[in-house]
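The values are calculated or read from the model by the stated rules, or taken from the named source; none is laboratory data. All values reported here derive from a predicted model rather than from experimental measurement. All Cβ positions, glycine included, derive from the backbone under ideal geometry; neighbour counts span all protein chains shown. When the accessible area is computed, the model is the full protein with side chains, heavy atoms only, and any ligands, DNA or RNA have been set aside. Shrake-Rupley method; radii C 1.70, N 1.55, O 1.52, S 1.80 Å.
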Amino acid sequence: QVFDTRLNSLIGLEGVEVRARRWFTTYYGYGDFYGNYSVNGTFKNPCNYSLWMATNNFSVREHLLGLTFHIDGPKTSNNWNYDISSGYDRFEAHIFRGAFRYHYKNIDGLQRPLRPNHNRTKYVGKDQAKDWSGVNYIVFPILKIARYFSDTEYASDEVFSTTIHETAHTSHVIKMNTGIIQ
């Protein structure tokens, strides 16, 4: 779950990938609306859990050339439940929420931001020191969200809405056939 500053409560991180790994075996599961998950296998001994912010259509990253943003959990024999309360993890989690909403949930018939060559959209969380809130490189599948500052965190709805806004630019360009229709 992730803390939402507008609702002042924890909410489920729907669609996030949860991995349970021991040596060379990895089991996968996905968070639901309430933050529950179940991986597709069990281990007799302790395993390492991690949370990966990626789907088939998009990934959330810390840097453009880096790996998908993930949170490593403990090595445990029990179930792993992790609440993201503040900091950079919360920032990236709300980028994931916004992207997941636009890519997979009800958007009342709007164009999905799916690219024809199945290029996954890359959402890159940037530091607030930038003088912009979001940038969409229309030709490339890259969206940068700059709604984080380590001393003063932005509200959850601002991160979420900036992500939605930048994603909508991609949908618009796809709908307009890369501007040719215009």
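With respect to the numbered conditions (1) in contact with a strand residue (DSSP E or B) (Cβ under 9 Å, 6 or more places away or on another chain); (2) in a loop (DSSP other than H, G, I, E, B); (3) within 16 Å of R90 (Cα to Cα), which one is the sole condition not fulfilled by F3?
(2)
If the requirement is being under 12 Å from the mean Cα position of the chain (by Cα), farther than 18 Å from R147 by Cα and polar (S, T, N, Q), which of these qualifies: T42, T76, T68?
T68
Here's a check for you: in segment 86-117, which residue that is over 14 Å from the mean Cα position of the chain (by Cα) and within 21 Å of F140 (Cβ to Cβ) is least open to solvent (accessible area, probe 1.4 Å)?
P113
Which one of the conditions (1) modelled with pLDDT under 75; (2) surrounded by fewer than 16 Cβ atoms within 10 Å (Cβ to Cβ); (3) within 22 Å of T68 (Cβ to Cβ) does Y148 fail to meet, given that it meets all the rest?
Of everything listed in (1) modelled with pLDDT under 75; (2) surrounded by fewer than 16 Cβ atoms within 10 Å (Cβ to Cβ); (3) within 22 Å of T68 (Cβ to Cβ), Y148 misses just condition (2).
D83 - would you say it is open to solvent by 60 Å² or more (accessible area, probe 1.4 Å) and touching a residue at least 40 places away in the same chain (Cβ under 8 Å)?
Criteria met by D83.
Just one of the numbered conditions (1) farther than 17 Å from E92 by Cα; (2) in contact with a helix residue (DSSP H, G or I) (Cβ under 7 Å, 6 or more places away or on another chain) is not true of N48; which one?
(2)
Filter segment 68-77 down to the residues that are open to solvent by 40 Å² or more (accessible area, probe 1.4 Å) and touching an Asp or Glu at 6+ places or on another chain (Cβ under 8 Å) and list them by number.
Across segment 68-77, there are no qualifying residues.
If L65 meets every condition in (1) among the aliphatic types (A, V, I, L, M); (2) in a helix (DSSP H, G or I); (3) surrounded by fewer than 12 Cβ atoms within 10 Å (Cβ to Cβ) apart from one, which number is that one?
Checking L65 against (1) among the aliphatic types (A, V, I, L, M); (2) in a helix (DSSP H, G or I); (3) surrounded by fewer than 12 Cβ atoms within 10 Å (Cβ to Cβ), the one that fails is (2).
Tell me yes or no: at least one residue of segment 45-56 is in contact with a Cys (Cβ under 6 Å, 6 or more places away or on another chain), farther than 27 Å from K144 by Cα, open to solvent by 50 Å² or more (accessible area, probe 1.4 Å) and at pLDDT 90 or above.
no
Can you tell me which residues in segment 158-174 are touching a residue at least 60 places away in the same chain (Cβ under 8 Å) and either open to solvent by 40 Å² or more (accessible area, probe 1.4 Å) or within 16 Å of V60 (Cα to Cα) (or both)?
Matches in segment 158-174: V159, F160, S161, T162, T163, I164, T167, H172, I174.
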